[in-house]
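Notes follow the structure.
None of the figures in this text is laboratory data; all of them are computed from the coordinates on show. What you see is a predicted model, and the numbers here were worked out from it, not measured in a lab. Neighbour counts run over all protein chains shown; Cβ positions are idealised from the backbone, glycine included.
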Amino acid sequence: MFSKEGHYGMIRSMVFSNDSKYILTASNDGYFAIWTNDIGEEPVVLNGINNTNNRFNFAKYIDDDSYVLTGSDDGTSRLWSSSNGEECFVFDCSKGFAQAVDVNVIDAIFNKSSDCVLTYSENHVSPTECYWSVRLWSKTTQKNVAAIDNCLGKPSFIRLSPDGQYIYFVNGKNLNVYDIFKNTIIDSLVFDADVTAFTQKNSIIGLGDKLGGVHMCRFQR
């Protein structure tokens, strides 16, 4: 076993590349790093990216590992080249929130079929007041093409439909399906207990709850 100190803050996320040759880490220290994963050799940082001292909340491989998708406490989600670490795209989630003191991007999802990025952010108006928003971005133009602000509570899980039009938004016992382009809830389900697990395959949704219940549903429009 090898151990290596490569960050100066807490590791926020850690994922393997699809071919398992590399490991991607993101940290509170404002860096993400791509490490070699050769068995029997000490891990080496190939790319270490500094995000102007704003902590990364996550980093993940997307688009066949061609890009690294990140979100941070500076209110941005960014796409970076995984081969050379260059910044390629910036999605500024803080735009349009004049009242927000801090905008933190907590998660982002890439939808390859629609070539869009879905971001989820916490928008802090004050130390005690916060609301959540979801935005859909074109990867090509970097423009915000749809948004849902003031979502109904903090989501436990959030997913995007294969066609990039609908959002599955889980909050506690509730599953709400949003049409992101119309900014409306088009379907809702309420379960007997808080949803603790969520999976999706095409139009089929699977949910597990706190009491051991397993629920399968198909959403079609």
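The table for this structure:
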item	result
14 Å Cα-Cα reach of K210 towards aspartates and glutamates, excluding residues that sit fewer than 8 places from it in its own chain	D192, D194
Cα-Cα over 32 Å, subset of K21/K154; K21/K95; K21/K182; K154/K182; K112/K173	K21/K154; K21/K95; K21/K182
Hypothetical label at N202: residues of the stretch 111-146 whose amide nitrogen lies under 16 Å (7 Å Cα-Cβ projection)	113
Length added when fully stretched, D64-V15, from 0.36 nm per residue minus Cα-Cα	16.3 nm
Calculated on alpha-carbon atoms, Rg and Dmax of the stretch 108-158 in Å	12.3, 39
By average C-beta atoms within 10 angstrom, highest first, the peptides 128-136, 192-200, 161-169	161-169, 128-136, 192-200
Burial ranking of peptide ranges 23-29, 213-219, 154-160 (average Cβ count within 10 Å, highest at the top)	23-29, 154-160, 213-219
Gain on full stretching of the segment that runs from A147 to F181 - 0.36 nm per residue minus C-alpha separation	11.5 nm
Listed peptides 82-88, 111-117 by packing density, highest first (mean Cβ within 10 Å)	111-117, 82-88
Net dipole in debye of the stretch 156-221 [+1 Lys, Arg Cβ; -1 Asp, Glu Cβ; about Cα centre; nearest 20]	120 debye
Efficiency of FRET between A193 and C130 - r from beta-carbon atoms, R0 25 angstrom, step 0.05	0.50
